[in-house]
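Okay, structure first, notes after.
The values are calculated or read from the model by the stated rules, or taken from the named source; none is laboratory data. Just so we're clear, the structure is a prediction, and the values are computed from it rather than from any experiment. Backbone-built Cβ (ideal geometry, glycine too); neighbour counts: all protein chains shown.
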Amino acid sequence: MNAPIVVDSVTALRTQVRDWRQAGLKVAMVPTMGALHDGHISLVRIALERADRCVVSIFVNPAQFAPTEDLDKYPRQLARDLDRLRDAGAHLAFTPGVNEIYPAGFATKISVGGPSHGLETDFRPSFFDGVATVVAKLFLQAAPDCAVFGEKDYQQLCVVRQLCRDLDLPVEIVGAPTVRDAHGLAMSSRNAYLGEAELDIARKLNVILRRTAAALAAGTDEASATDAAAKALVSAGFRKVDYVAARASITLEPWQRNRDGRLLAAAWLGTTRLIDNVEIPSA
Ligand code: PAF
């Protein structure tokens with residue numbers, strides 16, 4: 001495979017994408033914060049099935065980290081990421097510095113309503129403003145035909161869909177299934193923070209969620225099922241549970257039995273916060 005073109009300026013990105021479009025090629029984008037794992041590579045593969053050219057952005061977005069969060073220690077490994085993108089067949093890596101995205105005097109924030117309410121926002125109040133602002137910028141910069149986001153960050157996927165709908169951004173949003181290890185642990189760049197003993201505990205998250213989703217589908221009362229799940233996570237070794245919640249699949253409003261649903265959770269293992277979600281099977 002050819003190495004991807006690497007550009008770090010918006011001008012160079014726009015020039016390349018414009019040339020592809022003039023040649024009649026369809027362009028897909030995969031926004032990432034780097035530290036690429038098999039989950040990201042699956043997004044690149046889906047992008048390549050849908051388009052002729054795949055742009056991957058690698059930008060650790062400071063606007064979506066609270067001052068107390070892991071911005072400084074977030075894994076950064078550009079050379080390795082570019083190797084993985086070459087092997088996956090991505091065509092362009094957009095690797096802007098912070099000043100390219102947020103030049104001096106930058107003063108705009110995009111705040112999406114609807115699905116951004118609750119769940120992550122209860123614990124990370126500025127997170128989706130940061131995500132929506134950078135995703136809108138990336139879409140305006142790259143002007144892709146479509147963009148692929150993982151269902152692992154399920155609330156983010158719903159927020160990005162709402163963003164595009166509300167702002168008439170002409171980008172088709174494609175949701176991609178979560179990639180899991182052999183034990184069902186969802187791939188995440190933050191798994192790199194976990195030692196072996198913590199990984200064993202982390203692998204229980206998806207088991208407990210699937211069991212709880214099955215209990216909900218079988219008729220267990222929602223509060224009892226989610227309380228039991230939170231207790232099971234703590235017994236398994238999680239330090240703290242931020243939420244286990246059942247929501248409507250698209251709007252993320254409260255779940256109604258016999259409607260499409262998603263069970264979402266966030267829990268702490270030591271100083272690492274993990275999120276995951278599963279479908280609630282229809283009864
Ligand atoms: O999911 C991520 O990696 C980030 O939230 C995203 C979408 C690249 C925006 O910074």
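Taking residues in the range 181-196 that are without any contact (Cβ under 8 Å) to a residue 40 or more places away in the chain, and partners anywhere that are part of a loop (DSSP other than H, G, I, E, B), the pairs with Cβ atoms closer than 8 Å and at least 6 places apart or on different chains are ASP181/MET187; ASP181/ARG203; HIS183/ARG203; GLY184/ARG203; LEU185/ARG203. In the range 113-150, which residue that is of a type in the set (Phe, Trp, Tyr) and in a helix (DSSP H, G or I) is nearest to THR95 (Cα to Cα)? Filtering the range 113-150 for residues that are of a type in the set (Phe, Trp, Tyr) and in a helix (DSSP H, G or I), the one nearest to THR95 (Cα to Cα) comes out as PHE139. Here ARG76 does not fit the description of being farther than 18 Å from VAL135 by Cβ, away from the ligand (no atom under 15 Å from the Cβ) and not aliphatic (A, V, I, L, M). Beta carbons closer than 7 Å, at least 6 apart along the sequence or on distinct chains, pair a first residue in the range 14-36 that is under 27 Å from ASP153 (Cβ atoms) and β-branched (Val, Ile, Thr) with a second that is part of a loop (DSSP other than H, G, I, E, B) and at pLDDT 95 or above for VAL17/ALA143; VAL27/ALA51; VAL27/PRO144; VAL27/ASP145. In the range 211-238, what residues are β-branched (Val, Ile, Thr) and exposed (fewer than 15 other Cβ atoms within 10 Å of the Cβ)? Once the filter is applied, which keeps residues that are β-branched (Val, Ile, Thr) and exposed (fewer than 15 other Cβ atoms within 10 Å of the Cβ), the range 211-238 yields THR220, VAL234. Look at ARG76 and say whether it is part of a loop (DSSP other than H, G, I, E, B), over 30 Å from ILE250 (Cβ atoms) and touching a residue at least 40 places away in the same chain (Cβ under 8 Å). Judged against the criteria, ARG76 is a match. In this structure, ALA132 does not qualify as free of Cβ contacts under 8 Å to residues at least 60 places away in the same chain and surrounded by fewer than 20 Cβ atoms within 10 Å (Cβ to Cβ). Residues in the range 239-252 that are over 19 Å from the mean Cα position of the chain (by Cα), farther than 17 Å from ALA225 by Cβ and surrounded by 14 or more Cβ atoms within 10 Å (Cβ to Cβ): ARG239 alone. Inspection of the range 183-192 identifies at least one residue that is within 15 Å of the ligand (Cβ to nearest atom), assigned to a loop (DSSP other than H, G, I, E, B) and within 19 Å of ARG273 (Cβ to Cβ). One residue stands out in the range 25-41 among those that are part of a loop (DSSP other than H, G, I, E, B) and in contact with a helix residue (DSSP H, G or I) (Cβ under 8 Å, 6 or more places away or on another chain): the one that is nearest to the ligand (Cβ to nearest atom), namely MET33. For the range 232-275, the set of residues classified as of a type in the set (D, E, K, R) and touching a Leu at 6+ places or on another chain (Cβ under 7 Å) consists of ARG239, ARG247, listed by residue number. Does VAL17 count as over 15 Å from the mean Cα position of the chain (by Cα), in a strand (DSSP E or B) and under 24 Å from PRO170 (Cα atoms)? No.
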